[in-house]
Amino acid sequence: MKKISRRNVLKLAAASGALLTAGKGMVGNALAGSVELAMGGRDFNPDTGKERKAVPTVCYSCVTRDPKIAFVEDGRVVKIEGQPNSIRSLGKICAKGQAGVNQVYFPDRILYPLKRAGKRGDGKYKRISWDEALTDLAARMKKLRDDGHPEKLMYHYGRAKGSSSSLPKTVFMGTYGSKTISGHTSICEGGKWVAQELTWGNHYDNWDFDNTDYVLNFGSGVLEAHTNHIPTAQRLVKAMVERNVPCITFDVRLSYTAAKSTKWEPVRPGTDLAVLLAMNNVIMQENLYDREAFTFIRTTEDVNAPLDEKIAALKKHLISYTPEWAEKISGVSAANIKKYAREFAKAKAACIISYRGLVAHYNGTDGERAAQMLGMITGNINSPGGRCKAVAPHWKYPKGPKVKPKGKQLKITNGTLSALPNHGECQSVLKMIKDGSHGRPDIYLWYCYNPVYVNGECQENIDVLSDEKLMPFTVTSNIVYDESSRLADLILPDTSYLERWDWDGNVAPTQQTEFELRQPVVTPLGECRNFSDILCDLAKRMEMPLGFDTMEEFVKLSCEMTPTVKDLPGGGFEYLKKHGVYHDPNEKPDFYSHKKIVKDADLKKEGILFDEATGVYWNWKKSKAKDEAEAMAKGYAKMAYSYKGYVGQKIGDKVYKGFKPDKVNKTGYFELYSTILKEKGFEPFPSWKAIPEHQELTKNQLTLTTYKVPVQIHSRSTHCKWLTEMFHDNPAWINSKTAASLGIKDGDLVKLTSKIGEISIKAYVNEMIVPGSIAISYHLGRTESGRYGSGKKSIMGSDNDPDLKLKWWDTYGVHPNWLIANAPDPISGQHRWMDEVVTVSKA
Ligand code: SF4
């Protein structure tokens, strides 16, 4: 790295007149007034003072997808900073975003198509041409389709969002005719999504920290990693620092977020639900609830129940969940439960936030429903300063040919153990393939996903993927030779996100819409090609026209089709190429959308029916009903996909937009009482369910908790030298009392055994975790991630990175997923990351 001397700084200042830095609010003088700071967006070579080329793009290191600016010098991306014009990120990015440079340039990157040249899993490959690779793959795909079995092509994707999700999933697979598609949501936040679909409709919540006065956090690492990390983290910090907003964090361990909170409340694993039920109870019994909010809440079978009846029903349900009862279960004192409940209810604006600490449990869906309850009964839903239904851009895009085949599907994507796997059960896919009773794919294609490593039961994943009898052909597109690529018959070198096109966007913390464009910052290295471009090429080879030939064309057409974007000066595509982001400065923040009245004219449109039983107005033509008679006979609740035709909810003599359903036929009320769950055999109200496996533990059995750190990205970053230099070891956290009772000292090697596997790991004995638990982070313990991440040179590794000589670490951590069984939450299918019981002893 070049040293920035005083002389260089002065030279730079002279050359540019300004030293530019990232972020708003940075205008001012630095270095005792010798250099002027200015807004970000420009950058200079520190030696020559020459301005670098600035290319607006969008981060894809994590799902947040912050707009940013990449700086290019001599055709090489050298630096990344935030996009100062973004209303989401306000010009800031995190360490992972800056290390995007490493996602392009790492010495073990896959740069050419590779074909297996030995037994599957031997790690022997030969370089082949693109033509050879795609001719072979297209012929295999075409044969399946021509034989009438398109469903035997399975597409399994991980962190694919925006156009990188729509083109492969909707357009390519839709045109091909296979619905054998699985995402990764159930190993991420599926339980949260399903709980939100059951209560207020579609998923994704926004936390309005700019306007809040009080925050309760159940299991979110909002300051270290989150689906909307940088936009929310900076606003929470600002609220806490500038306005003294309290933030109380409930977590099994002292996460970075807990450490920065006003108070860390240690809670036993899987018991947050008890605390939430007790808080709701305090608010109801002490009449601290918002009476008007109950207009829009459902707590009874009868959708027309008067307010007092609704309130009484909820009081009755909650009454046994006392703070004293919750204290015994959770370890959180009854006095504090009461205190926080009262403070939350009395705050002018309060925000309940949650994530996997609450949700990735056996009782996670009800945990999230109870969190939703707390927000709603206090009037802190869809309100300034509260938890709001997210606002995000709606891109329109070309969907491929008008006439498509009726899609066929292997029933292997939803598992068999959960009632409402609205977002699949991806951790069970390989198990289902092993079982075989629902069929098996002939071609298993995965993208942006590492099935061996990111699901539980690593060994079973390896066994299934290695078995050529179970799956004759395996193919992936990747930038990294990882644990799963090693089991692919064909590896197609993907572009990094800084070398490709995408339209994108995510939740705006201001309740407004921001459109984003990702564009290539540099030419792809080697022979790398964007996965979506590969699919366009395959479609052509199969004589299956999609209506466009490249991802760039797809993105351009989308810009021409999408309202707001298409009307931007010079055309949306050109505008976004130049500016990177767009938001309408006149767009009002979207609050209280559920209180809007439906226009009379909208109730009189063709196909609209009124359903007496639920009070819902709906358009039967958008459901699966073959005619109006069938729709009427079955009614809104029973007709398949009737939620797609939802128009409004009759409450009293008015029809409100209400809480529009998604994925399930719920009413337009905020449903705290769910007839959908009742019919599936679950309690209709959020109710206490103990984690079965945690009830009778022996002295050396601990519950395993997993967590993320701020400087690594799931399984997609250990090849990034800047990040792995900071985090490359992950000893297991054990409370000092628990450790003493097991004779374990700090630094001891300990053996952890679960019902499916065993690992050895160093113990980190401390006071920052509740007794009886053990915590291991994700990210590490990689067996294939190149030299920076696993110490192993990949099959295509080169020695052209001078920093290889400076690499000083030789530890790569331990992966907890060898221990964690692929078990779902019985409601949503969410993977139970935080429930595994392990037996611990000195190794
Ligand atoms: S939070 Fe995510 S999207 Fe934003 S800069 Fe960091 S890694 Fe990139």
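Observations
- Contacts under 7 angstrom Cβ, first residue in region 427-448 being in contact (Cβ under 8 Å) with a residue 24 or more places away in the chain and acidic (Asp, Glu), partner surrounded by fewer than 18 Cβ atoms within 10 Å (Cβ to Cβ) and in a loop (DSSP other than H, G, I, E, B), 6 or more apart: Asp442/Pro472
- Flag if Ala258 is surrounded by 22 or more Cβ atoms within 10 Å (Cβ to Cβ) and farther than 28 Å from Ser674 by Cβ: yes
- Selection from region 346-396 of residues that are farther than 30 Å from Phe573 by Cβ, out of contact with any strand residue (DSSP E or B) (no Cβ under 7 Å at 6 or more places or on another chain), surrounded by fewer than 24 Cβ atoms within 10 Å (Cβ to Cβ) and small (Gly, Ala, Ser): Ala349, Gly379, Ser383
- Some residue of region 116-128 being within 16 Å of the ligand (Cβ to nearest atom) and modelled with pLDDT of 95 or more: no
- Within the option set Val222, Val194, Val215, being under 20 Å from Pro684 (Cα atoms) and not assigned by TED's automatic domain parsing to the domain that holds Gln712 holds for one residue only, Val194.
- Within region 525-535, if we keep just the residues that are surrounded by fewer than 20 Cβ atoms within 10 Å (Cβ to Cβ) and not aliphatic (A, V, I, L, M), the residue that is farthest from Arg76 (Cα to Cα) turns out to be Glu527.
- Tyr105 falls short on exactly one of the conditions (1) surrounded by fewer than 22 Cβ atoms within 10 Å (Cβ to Cβ); (2) within 14 Å of the ligand (Cβ to nearest atom), and that condition is (2).
- Residues that are surrounded by 24 or more Cβ atoms within 10 Å (Cβ to Cβ), part of a helix (DSSP H, G or I) and away from the ligand (no atom under 16 Å from the Cβ) within region 198-218 comprise Leu198, Thr199, listed in sequence order.
- Among the conditions (1) buried (at least 23 other Cβ atoms within 10 Å of the Cβ); (2) within 16 Å of the ligand (Cβ to nearest atom), Glu224 misses just one, which is (1).
- Flag if His317 is more than 30 Å from Thr513 (Cα to Cα), in a loop (DSSP other than H, G, I, E, B) and not assigned by TED's automatic domain parsing to the domain that holds Met471: no
- The criterion of at least 2 residues that are within 28 Å of the chain's Cα centre (by Cα) is met, among helices (runs of 4 or more DSSP H) falling completely within region 544-603, by 551-561, 572-579.
- Taking strands (runs of 3 or more DSSP E) as the structural unit, those lying wholly within region 670-763 and holding at least 3 residues that are buried (at least 19 other Cβ atoms within 10 Å of the Cβ) correspond to 701-707, 732-735.
- Criterion (outside the structural domain of Val359 (by TED's automatic domain parsing), surrounded by 21 or more Cβ atoms within 10 Å (Cβ to Cβ) and at pLDDT 95 or above) met by exactly one of Thr180, Thr249: Thr180
- Residue list for region 321-341, filter: without any contact (Cβ under 8 Å) to a residue 24 or more places away in the chain and part of a loop (DSSP other than H, G, I, E, B): Ser333
- In the set (1) within 10 Å of the ligand (Cβ to nearest atom); (2) modelled with pLDDT under 95; (3) surrounded by fewer than 23 Cβ atoms within 10 Å (Cβ to Cβ); (4) not aliphatic (A, V, I, L, M), Gln98 fails one condition alone, (2).
- Tally, over region 129-173, of residues that are surrounded by fewer than 18 Cβ atoms within 10 Å (Cβ to Cβ) and within 16 Å of Arg529 (Cα to Cα): 5
- Within region 415-422, one or more residues are surrounded by fewer than 23 Cβ atoms within 10 Å (Cβ to Cβ), within 27 Å of Val507 (Cα to Cα) and not assigned by TED's automatic domain parsing to the domain that holds Phe250.
- Failed item, numbered, when Ser178 is tested on (1) closer than 20 Å to Asp825 by Cβ; (2) small (Gly, Ala, Ser); (3) more than 16 Å from the ligand (Cβ to nearest atom): (1)
- Hits in region 475-510 (condition: in a strand (DSSP E or B) and more than 22 Å from Gly789 (Cβ to Cβ)): Val475, Leu490, Asp502, Trp503, Asp504
The values are calculated or read from the model by the stated rules, or taken from the named source; none is laboratory data. These numbers were taken from a predicted model, which means no experiment stands behind them. Positions of Cβ are generated from backbone atoms using ideal geometry, with glycine treated the same way; all protein chains shown enter the neighbour counts.
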